[in-house]
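To keep things clear, I will list the structure first and then write my remarks on it.
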Amino acid sequence: EAEVAQSPRYKITEKSQAVAFWCDPISGHATLYWYRQILGQGPELLVQFQDESVVDDSQLPKDRFSAERLKGVDSTLKIQPAELGDSAMYLCASSLGGRKVDGYTFGSGTRLTVV
Amino acid sequence: KNEVEQSPQNLTAQEGEFITINCSYSVGISALHWLQQHPGGGIVSLFMLSSGKKKHGRLIATINIQEKHSSLHITASHPRDSAVYICAVRGGATNKLIFGTGTLLAVQP
């Protein structure tokens, strides 16, 4: 069964350092989402891509977070510099997108701990 | 008031029991998702519904569009069903997911 691949699975970093997460969506899925989930809370959308274009990044803290999907396939989410409050699970999801309402597929996530 | 409300917030059941988790929403939607998340784990999509009822193994999901309500049922519950179950709806121009607060289910042997 096709999966959304994310790496690394776990990351521990010191505050003020840079950290990056990678996501490879299901082949053919045009829409890619990055979510942040703080422990005990629901996921929060950080950024949504349609192919290589950003559709929604209204909740992305742009002073320290950046996301790219250069070829419209895999994507990287970067935090620089990391802060203690960034400790969370970072989830990637993908869907076919467009007019068709299809299912989301989530990756296993990257658990970030900032110390 | 959240746009997506789930009940109960916490649920403890004995193995074998029939379980129901409810979801009510207040916005117009194109689809509703039921998701499962084990502690410390990623999210697994269980169902996507836009009408009617779907069944997968011991899981059944129903939706009533007029009443803006959905239920997730687990028959013959098992300790491995212990997880957080999240209702999420897709609405708005970007089809963004709006998440419920989740229901923490613990099934005891």
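The values are calculated or read from the model by the stated rules, or taken from the named source; none is laboratory data. Being a predicted model, the structure only gives us computed values, none of them experimental. All Cβ positions, even for glycine, are placed from backbone atoms using ideal geometry, and neighbour counts span all protein chains on display. Keep in mind that these areas ignore ligands, DNA and RNA; they rest on the heavy atoms of the full protein, side chains included. Shrake-Rupley method; radii C 1.70, N 1.55, O 1.52, S 1.80 Å.
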> What number of residues in region A:58-88 are at pLDDT 95 or above, part of a loop (DSSP other than H, G, I, E, B) and among the hydroxyl-bearing types (Ser, Thr, Tyr)?
Replying inline: 1
>> Return the pair list, or none, for Cβ contacts closer than 7 Å from residues in region B:5-26 that are assigned to a strand (DSSP E or B) to residues that are aromatic (Phe, Trp, Tyr) and surrounded by 13 or more Cβ atoms within 10 Å (Cβ to Cβ), at least 6 apart or on different chains.
In response: B:Ile21/B:Tyr85
>> On the basis of being closer than 30 Å to B:Glu5 by Cβ, within 14 Å of chain B (Cβ to nearest Cβ) and in contact with a helix residue (DSSP H, G or I) (Cβ under 9 Å, 6 or more places away or on another chain), does A:Leu112 make the cut?
In response: yes
> Which one of these does A:Trp22 not meet: (1) hydrophobic (A, V, I, L, M, F, W, C); (2) closer than 14 Å to A:Leu70 by Cα; (3) open to solvent by less than 50 Å² (accessible area, probe 1.4 Å)?
Replying inline: (3)
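Test of understanding: among B:Lys1, B:Lys54, which residue is open to solvent by 50 Å² or more (accessible area, probe 1.4 Å) and either part of a strand (DSSP E or B) or modelled with pLDDT of 95 or more (or both)?
Working: B:Lys1 fails: either part of a strand (DSSP E or B) or modelled with pLDDT of 95 or more (or both).
After ruling out the rest, the residue left standing is B:Lys54.
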> If a residue has to be outside any strand (DSSP E or B) and either under 14 Å from the mean Cα position of the chain (by Cα) or away from every other protein chain (no Cβ under 14 Å) (or both) to count, how many in region A:27-57 make the cut?
Replying inline: 7
> Which residues, taken from region B:61-109, are more than 26 Å from A:Tyr33 (Cα to Cα), of a type outside the set (Gly, Ala, Ser) and open to solvent by less than 30 Å² (accessible area, probe 1.4 Å)?
Replying inline: B:Ile74, B:Asp81, B:Leu105, B:Val107
